[in-house]
Amino acid sequence: MMITLRCFVLNLLVAGSILSTAPVYAASQIASQAATMHTLQGHALYRERMALPPGAVLSVWIEDTGATHGAPLVMAEQRTEIHHGVPIPYTLTYPTLPPGGHYVLNAEITVEGQRLFATPDGGTLLDHPQLLLRRVAETTVRAPYGTWRIQSVGNLNFDNTPEAPGLTLQQDGTVYGTDGCNRLMGHFRLEAQTLQFQPMATTRKACLPPLMAQEQKIGAFLSTVTSWSREGENHLILHGNAASGTMVLVPQDAQ
């Protein structure tokens, strides 16, 4: 009887010790996760004396322009509708940035997908959160419609061959193309610079392992797309989340 009672007391003490430390452990996990997030606050402004039209949107993002990624990799992004004049405040929350990258801050002001103002090429260093935007010359609206060849997705680049993957985005919201292995078709939603692809239907042809891996990467990326932008006349950029990066497309007939 004495042994049984002693075991019962010891078990009770051990259980109490575990319960008393559990909240501390959980709290430490939460604090550790919170410590990995950072906040960048600043203002965006432009020198021209002009009022922005209704519906103007300020987009601010951090990207890694390191050569190892191929296309710039977006690490964090914030989009807010503008309701007052300059300077325009912004708050950007971003995770701890991996060492070794070349991180810059970029911003643009758009109206229905048309870029009115943007940071100069090359972006701004993160320790200069006050962003001076310049007027974009000849700001004609260039929607993402058309037939495009996929040049890269994340750090995977594609050769310019007849079998290269590509997409055609039509004004009625339909999309079709190829991932280099199978045909795909579906629909997308476009609102200003927000872009989302609905689940795609594909053919089921078996291909060589490299093409199957390419197919999986393109399909996985398209499901993460949140927005688009244009770089000059010949580059369409589809922006995914921080993990998936970006997809760069060029006109189908580009060399």
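The values are calculated or read from the model by the stated rules, or taken from the named source; none is laboratory data. Being a predicted model, the structure only gives us computed values, none of them experimental. Neighbour counts are summed over all protein chains in view; Cβ atoms, including those assigned to glycine, are modelled from backbone coordinates with ideal geometry. Accessible surface is based on the protein model in full, side chains and every heavy atom, while ligands, DNA and RNA are left aside. Shrake-Rupley method; radii C 1.70, N 1.55, O 1.52, S 1.80 Å.
A few remarks follow.
- Residues in the stretch 233-242 carry Karplus couplings, in order, of 7, 10, 9, 9, 10, 9, 9, x, 7, 4 Hz; the curve used is 6.51 cos²θ - 1.76 cosθ + 1.60 with θ = phi - 60°, and Gly or Pro positions show x.
- Portion, in percent, of the accessible area of the stretch 100-139 that falls on carbon or sulfur, probe 1.4 Å: 47 percent
- Where GluC sites (Glu not before Pro) fall in DSSP loop in the stretch 71-159, at most 12 other Cβ within 10 Å: GLU138
- Rounded to whole numbers, the Karplus 3J(HN,Hα) couplings from phi for the stretch 146-158 are x, 9, 10, 9, 6, 8, 7, 9, x, 9, 9, 9, 10 Hz, using 6.51 cos²θ - 1.76 cosθ + 1.60 with θ = phi - 60°, and x at Gly and Pro.
- Hull shadow area, averaged, the stretch 91-221 [alpha-carbon convex hull, nm²]: 10.8 nm²
- Carbon/sulfur fraction of accessible area - the stretch 182-255, other protein chains in place, 1.4 Å, %: 55 percent
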